[in-house]
1. What is the angle, in °, between the Cα long axis of helix B:383-406 and the longest principal axis of the Cα atoms in chain B? Nearest 10 is fine, range 0 to 90.
2. For A:Met120, which sequence-distant residues (separation of 5 or more, or a different chain) have an amide H within less than 5 Å of its own amide H, given hydrogens modelled in the peptide plane?
3. Enter the angle in degrees (range 0 to 90, nearest 10) between the Cα long axis of helix A:177-190 and the first principal axis of the Cα atoms of chain A, meaning the one along which they spread out most.
4. In nm, what is the difference between 0.36 nm times the number of residues separating B:Tyr150 and B:Leu361 and their Cα-Cα distance?
5. If neighbour count is taken as other Cβ atoms inside 10 Å, put B:Tyr295, A:Tyr50, A:Tyr61 in order from fewest to most.
6. Does anything in segment B:105-124 have its amide N under 18 Å from the 7 Å Cα→Cβ label point of B:Ala94, and if so which residues?
7. Connecting C-alpha atoms closer than 10 Å in a GNM of chain B, tell me which of B:Leu324, B:Leu212, B:Leu164 has the biggest fluctuation.
8. Please give the charge dipole size of chain B, origin at the Cα centre, charges +1 on K and R Cβ atoms and -1 on D and E Cβ atoms. Round to the nearest 20 debye.
Amino acid sequence: MATTDHPPAGRQPAAIRSALTVLEQVARAGPGVTARELSAALGMSPATTYRLVNLLVAEEYLVRLPDLRGFALGRKVVELAGAVAHSAVPAGAADAVAELRSRVRLAVHLASLRHGRLRMLDPDPDHPPSPDAVLARHLHASALGKLLLADQPDWHALAPGAPAELRQLTPHTVGRPDALDRELDRVRGDRVARQFGELRTDRGCVAMPVRDPDGALVAGLAVSGSPDRIAALAPAVLRLVERCAHDLARLLHRTPA
Amino acid sequence: MMSATAMVTAMGAAAVPVIGLATLAMMLVGLAVAQFARRMAAAGSLYTYVSKGLGPTAGFLTGCALILAYGSLVVMCLLGSGRRVVGFLVEAGALHRPAGDAPALLVTALLGAAMTAIVVRGIRISAALTLLLEAGSVVAVLTALTVAAYRGTAAGPPPSALDLGVFAAALLTGIKALVGFESGCALSVEARKPFAVVPRVVLWTPAACGALFALAAVLHLVALARGGGADGSGPPLPVLPALVQLGLASSLFACAMASMNAVVRVLFSMGRERVTPPALGRTHARYRTPYVAAYAMVPLAVGVPLVMWALGTSTRRVSGWLGLLAVLAFLVAYLLVCLAAAPFLHRIGEATAGATGVAALAAAVTAGSLVLVVRAGLNDGLGWVVAALVGFLGLGLLWLLRVRRRAPHRLSAMGFFDAATPDDILPGASPDGLAPGAASRRAR
């Protein structure tokens, strides 16, 4: 049974390119993206898309999620990504974050916001944040995600699915596109993003951007705790976070993460 | 493959296209099954697939049909194997031709015990043994047929006129040789790259078996055509019959073991979902095989031969009944899985016109085959076998009603399959729905 459905000949660069595009799109859209969404996003015919995702699942580059509709990147991607997926935070930056943790007695998370993607670099070990996958899929509900969205010329490009589908995760989630527009304007003006019980009812969060000398968004530094504590945050604490974010801009500069 | 020679004897050269037709039908079913196998790994195979596509009632019916199908295949193959072992011993001169079936039944019971032990021991050893036995038997029988083709065989009675009845009987034989090709699905949970390997196996098994079957038929046709010519009238080789008997014995034993492995996993899945006694869902502490389900099959595998021995029924006749029952039950399960494919694809949002069309065609062909096989059974005066199947499925429905009344949640939980766990997914890319720390697919 050594035959394959399609011989892996060098004659099919188009098929390979399509498969890689599907892989990229799953990475972009975040876990849970369905085959139909992939097909729509890539402009590929459904039949081709379904064949490709099933091929990628068979080779374990993709994983079909328990609802059987959604897909996520599989373990095999780690083998490809190698060290990049686990890139360590530069020692200096880690020290700066650790120092902030020792002083504010709140959960402190550092996340990369490069290339339009949210990825935790240094989550607080004592108070772990929501999983990356949840954050990446519901950018509108987290403070770090709002930083990322506010930095985009058009935030719709990053929101998976139709813009109307801002998922209402809690009663406090900003669910309407126009409300989110206003919220993102506020983030741009204050250079601070906040959320109060929008991702989980028992958590609030304040996030500040970390920008490189050219002003490009590199990362986000977030402190999180119960919503009322975050709402009543002392200005001194905010200044500490701001200074740390400022230091991080220098420390994270020119690292590939 | 020996039934191919019987088909040729019955209907001449028309046997080859009938074999082709049966192969085509089974490959169509294989396409429908592969739609599921590509998308989920489930020990319950078609039972789980249909549960996912058509809901719990149809799924449970499929499970019942599969249990009946694999169960009768196990018993039929064991009986056949026992008979062939005795045949081999007779041909080899180690045994006088026995008057009754007693030695064959004794061997059958021994083989049944050995098979159960191997199945409990684990899939590795039974798969390796199956492969070895099947390869050996294919070589043995093909050698014998090739030699026979070269030497020529005295022509049998002229083939009877080709009418629908003969066609139906031949189709029954053809399908009987191919059913069970989907048993690989039951092992998907234990396979290394299930979504790549299992669909391929499901598609290629009927094709390869059909080709072998057709080859056997052609070889026999050649043998008949050469007839008792000048070079074919030599004395028969004494080794050949013994070789064929041994080849058939090992092939049938392997077939019984493969069916046993499959039925045990279906029983296990149903036990796991507590729609049948939950004990069936228990696995062996050391070998991690569903051993309770395996032992549950023992009374059947060993008991039927014993009952027959007590009643004095001929094994050949019982094999005929069991064969018909197996084919009918398989066709019911296949029909349901073909019908389930389109709703399933639609539900997960991956339906295409092509896949739906193929599934519909497969369902139509399977339904047609079912009608023809029922007809063949009625022609042979075996209407009670059809009634037994319907009765068994009816009992299954009654049982399901009982479960529904007592524990309706169990029905909605049907269709358990091996979902991805955080361990399978890129670290940090698990969605919220997945419980961290759940047993990985590898660990189970």
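1. 10
2. Under 5 Å from the amide H of A:Met120: A:Ser112.
3. Rounded to the nearest ten degrees, it is 50.
4. 71.9 nm
5. Placing the least packed residue first, the sequence is B:Tyr295, A:Tyr61, A:Tyr50.
6. What the label zone holds, given the 18 Å backbone N cut-off, is B:105-115.
7. B:Leu164
8. Values: 32 positive and 14 negative charges, 226 e Å.
Taking the Cα centre of chain B as origin, the dipole is about 1080 debye.
Taken together, the values in this text are just the output of simple stated rules run on the coordinates, not laboratory data. All values derive from a computational prediction rather than experimental measurement. Neighbour counts run over all protein chains shown; Cβ positions are idealised from the backbone, glycine included.
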